[in-house]
Structures are given as C-alpha cells and as structure tokens.
1. Can you list which of the DSSP-assigned H helices in the chain have a Cα extent of 20 Å or more along the long axis and an average Kyte-Doolittle score of at least 0.5?
2. Could you name the lysines in cross-link range of Lys239, using Cα to Cα under 25 Å and dropping any fewer than eight places away on the same chain?
3. Tell me, how many Å apart are the Cα centres for the range 43-118 and for the range 170-215?
4. Phe151 to Phe26: FRET efficiency via 1/(1 + (r/R0)^6), r the Cβ-Cβ distance, R0 30 Å, to the nearest 0.05?
5. Relative contact order for the range 9-244: what is it in percent, counting Cα pairs under 8 Å that are at least 6 residues apart?
6. Evaluate the relative contact order of the range 151-252 (contact order divided by residue number), counting alpha-carbon pairs under 8 angstrom at least 6 apart; express in whole percent.
7. Please give the residues of the range 137-160, grouped as numeric ranges, whose backbone N is less than 16 Å from a label point set 7 Å along the Cα-to-Cβ vector of Phe107.
8. Out of Tyr116, Tyr94, Tyr213, any idea which swings most in a Gaussian network model of the chain, alpha carbons joined below 10 Å?
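Bear in mind these aren't lab numbers, they're just calculated from the coordinates by the rules spelled out. What you see is a predicted model; the values in this text were computed from it and never measured. In this analysis, Cβ positions are derived from the backbone assuming ideal geometry, glycine residues included, and neighbour counts consider all displayed protein chains.
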Amino acid sequence: MTNYKFPSLIKFFKSFTKVEAIYMTFVVVLAVGMAVFFPDLMLESTASPLLILCSVLNVIANPLVETMNAKQFRGNFLIDIFLIEITYIILSLYLGWYTLMLSCIFFWIPIDILSYIRWSKNIDREDDNVTVVKRLSWKASALLLVFVVVFSLVMGSIMTNIPGSEDSYLEAFATAMGMVNGVLLMLRYSEHWYAWVITTILYLAMDISAGAYGLLIDDVAMLVVTFYGIYKWFVYTKKHGTIQEKFTFKNN
C-alpha cells in the first residue's frame, strides 16, 4: 500500500551537513539583509510591502526547495506550492510575466501534486524520507536533452505568437524549458537538473532585464544548489544501480 504520509521535516533538517546548513543560513541572511537595507534592489518599485515579502520568500524558498530536491525529499513539492508558486503568481502579475503566471496556475501547482504522489510510490527502503531516483545512460541522456532544447525553442516561439501575448521570447522559452524540467522531475530523472541549469540562467537574464536585482540572489543560489543536485543524484544512481537505457513514463 502506498504511503502518502507527509515526510518528517525534522528528520530532513537533521540530515543537513554543516556545509548545507551554513550555505542556507547565508542565503537567508543575505535575502533578509537586502530587504531591510536595499529594498529598492528587490524590485523596480518598493511601493508594496507585499511584493517585497514575496521577493524575500522566493529568495529563501527557491534554494531551500532545490536543496530538498537534491536530497530527494518528496515534501518539497508541497512546500513549493505555498512558498514559491503562490508568491510567483503575485510577482508575475506585477512584473508582467503573464506566461509564467499562467504556467504556475495551470501547470506547476498540478504537477507538484502529481509529483508528490508519484514520489511517494518509490520510497527508499533504507530511508523513508528519501525517494528513489534514476538516470539515463549517457547516450540516452544526450538524446533526451537535445529533444528538450528543441521542444522548448519551438514551444517558446508558439507562445510568443499567441494572439494578445505580450510576453518576450526569453520568458516563453524559459517557461517551456521549466515545464519540461517539471515533468522530468516528476518522473524522477536526473536529467531534469540539466534542463534546470538552462532555466535558471534564463531567469537570471529576465530578472536583470526587469530590474529585480534582489532576485539575483535567488538565481545564483539556485544555480549553486542545482550543480550540487547533479552531483548528489549521480552518486545515488551509481550506488543503487538505477540507470536506464531507455526513457519511460512508467513509475519504476
């Protein structure tokens, strides 16, 4: 019988190494410090305390959730909904990133729920806080990543040509790439990290162009954790032999 019980947050935080704990503390202190001493760098306008709060929550929650992903903690999907997707919806309304806003409502929140369910069906036997993850062989991985990039380029073009759309191609491409990343993460494939590297770099460019310099803390912090996640999942899949020759949607 599948266990859908929420995993232990206390056990998760106890699993943090000193390096992980120091890094997350640094990100939190930096984000709060920016909000207190340089609020004008968090967004182009600081007229609304709600927007500043959403920016700070995003800066803190994004690398935390990515760390949860790196440590294969399925509770990250539920936390993502409340601390990231909802705040992104508010920020996107203000910054005019309407494609990103719609993707949060109609894709990311549903995919988070489905991901939590699927990850709950593949709990590691040695640690019930950890989900079994997998990766493809190098050849299959390369072919998948080529498909992901081509698909995202095409979808980005389609999104920008939708009648009434005011979104930039950069935003549309980042949205499409992020959605593919979400599907790969739901399926527990390590290749989602590579798609997320591209997505994070695109978000970094978007935040610079929007003048949301405080959010660059978020982008850089996530990029660092992303490379950490690549390493962690590589070690796990090699140790547990969860390497596949073919891509599949099956929950195995």
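1. Working: long enough: 18-37 (28 Å, 1.93); 49-70 (32 Å, 1.36); 138-160 (33 Å, 1.97); 169-186 (26 Å, 1.33); 192-210 (26 Å, 1.02); 216-240 (36 Å, 0.57).
Helices passing the filter in the chain: 18-37, 49-70, 138-160, 169-186, 192-210, 216-240.
2. By straight Cα distance, Lys239 reaches Lys11, Lys14, Lys18, Lys71, Lys121, Lys134, Lys139, Lys250.
3. Cα centroid of the range 43-118 versus Cα centroid of the range 170-215: 12 Å apart.
4. Details: r = 36 Å, r/R0 = 1.20.
After rounding to 0.05, the efficiency reads 0.25.
5. On the way: 314 pairs, mean separation 58.2, N = 236.
Reported as a whole number, the value is 25 percent.
6. On the way: 84 pairs, mean separation 20.6, N = 102.
Taking the mean separation of contacting Cα pairs over the length of the range 151-252, I get 20 percent.
7. Those under the cut-off are 147-160.
8. Comparing Tyr116, Tyr94, Tyr213 in a Gaussian network model of the chain, the most mobile one is Tyr94.
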